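A.B. asks: The following block contains the structure, expressed as structure tokens.
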Amino acid sequence: MTLLSEQTTAAPVIEVSDMAFSWPGPERYGISIDQFSLVKGSRTLLLGPSGSGKSTFLSLLCGIATPKRGTIRLLGTDITKLTNGGRDRFRAEHIGIIFQMFNLLPYGSVVDNVLLPLSFAHQRRQRAEAAGTADSEAIRLLRELGLSETQCQSQAAALSVGQQQRVAVARALIGAPEIIVADEPTSALDKERQAGFLDLLFEQVAQSKSTLVMVSHDETLAARFDQVLQLTDIVEIDGQRATEKGSA
């Protein structure tokens, strides 16, 4: 599979070459990518149906999973050469992740949820504190994303789904990580709320000059992005294509 950004005038922020990955087990399946690159500040949508490898690809891109071969170079660093701890530290410093299910701490305060990535990222914390305290920066992001002062101090579990989603965005954006990764963040929203969410996300990403990679099965989102790429698995097991796997 070859995925290549059309924007080739700048050095890539993300560059994947000759990568292959397969899950272990008797019915192994996996993905392979010949070439994939994105430049700084681009907003890219990767489209694919359920089971096409979207979440697996993001896990590889974030260093949560590691390929059996190939390189994944982010900001000039080949993360496949890092130790497990090194990948964790790199991810915390440089990648903001918006999970499909948000992954908030339900009984933690909204502000504490937003601050969580800074516990593991010294440089990112310094950027968040550039104009004051990390708490004030968290509240600034939350207010810009539409939450009230009272909601900022409440428990995450007390918020609506849409409000929790905004907390997840603020958590990904705090400290201006260079790369923002979003895994099906609009799947639970109607069209009007999808549009509002993307407006907020793009505005914040533009302010931080981050590179956005979002995966979805929803082709109606395509018009909002700089570029749209189809993510199609190349999966063979003893010459046979693997069946769709929901965990991919």
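A.B. asks: Identify the residue in region 218-232 that is among the polar types (S, T, N, Q) and touching a strand residue (DSSP E or B) at 6+ places or on another chain (Cβ under 8 Å) and, among all such residues, is farthest from residue 46 (Cα to Cα).
C.D. replies: Per the criteria, the residue is 227.
A.B. asks: Can I ask one more? How many residues does region 25-55 contain that are modelled with pLDDT of 85 or more, of a type in the set (S, T, N, Q) and not in a strand (DSSP E or B)?
C.D. replies: Here the count works out to 1.
Per-residue answers, yes or no, for (1) more than 19 Å from the chain's Cα centre (by Cα); (2) over 19 Å from residue 168 (Cα atoms):
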site	(1), (2)
20	yes, yes
36	no, yes
77	no, yes
86	no, yes
97	no, no
104	no, no
109	yes, no
116	no, no
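A.B. asks: Would you mention how many residues in region 172-203 are surrounded by fewer than 19 Cβ atoms within 10 Å (Cβ to Cβ), within 14 Å of residue 144 (Cα to Cα) and touching a residue at least 60 places away in the same chain (Cβ under 8 Å)?
C.D. replies: 1
A.B. asks: While we're here: Name the residue, out of 77, 66, 71, that is farther than 21 Å from residue 225 by Cβ, of a type in the set (S, T, N, Q), in contact with an Asp or Glu (Cβ under 8 Å, 6 or more places away or on another chain) and surrounded by fewer than 19 Cβ atoms within 10 Å (Cβ to Cβ).
C.D. replies: Result of the check over 77, 66, 71: 71.
A.B. asks: Oh, and also: Hey, which of the helices (runs of 4 or more DSSP H) in region 73-168, taking only ones fully inside, have at least 1 residues that are of a type in the set (Asp, Glu)?
C.D. replies: In region 73-168, 84-94, 110-115, 134-144, 149-153 are the helices (runs of 4 or more DSSP H) which contain 1 or more residues that are of a type in the set (Asp, Glu).
A.B. asks: Restricting to region 139-150, name every residue that is touching a residue at least 40 places away in the same chain (Cβ under 8 Å) and either under 19 Å from the mean Cα position of the chain (by Cα) or crowded, with 19+ Cβ neighbours inside 10 Å (or both).
C.D. replies: Within region 139-150, 141, 145 meet the criteria.
A.B. asks: Does region 55-87 hold any residues that are among the charged types (D, E, K, R) and closer than 23 Å to residue 98 by Cβ, and which are they?
C.D. replies: Within region 55-87, 73, 87 meet the criteria.
A.B. asks: Right, next: Can you give me the number of residues within region 111-138 that are surrounded by 15 or more Cβ atoms within 10 Å (Cβ to Cβ) and either touching an Asp or Glu at 6+ places or on another chain (Cβ under 6 Å) or not small (Gly, Ala, Ser) (or both)?
C.D. replies: Qualifying residue count, region 111-138: 16.
The values are calculated or read from the model by the stated rules, or taken from the named source; none is laboratory data. None of these values were measured; they are calculated from a predicted model. Backbone-built Cβ (ideal geometry, glycine too); neighbour counts: all protein chains shown.
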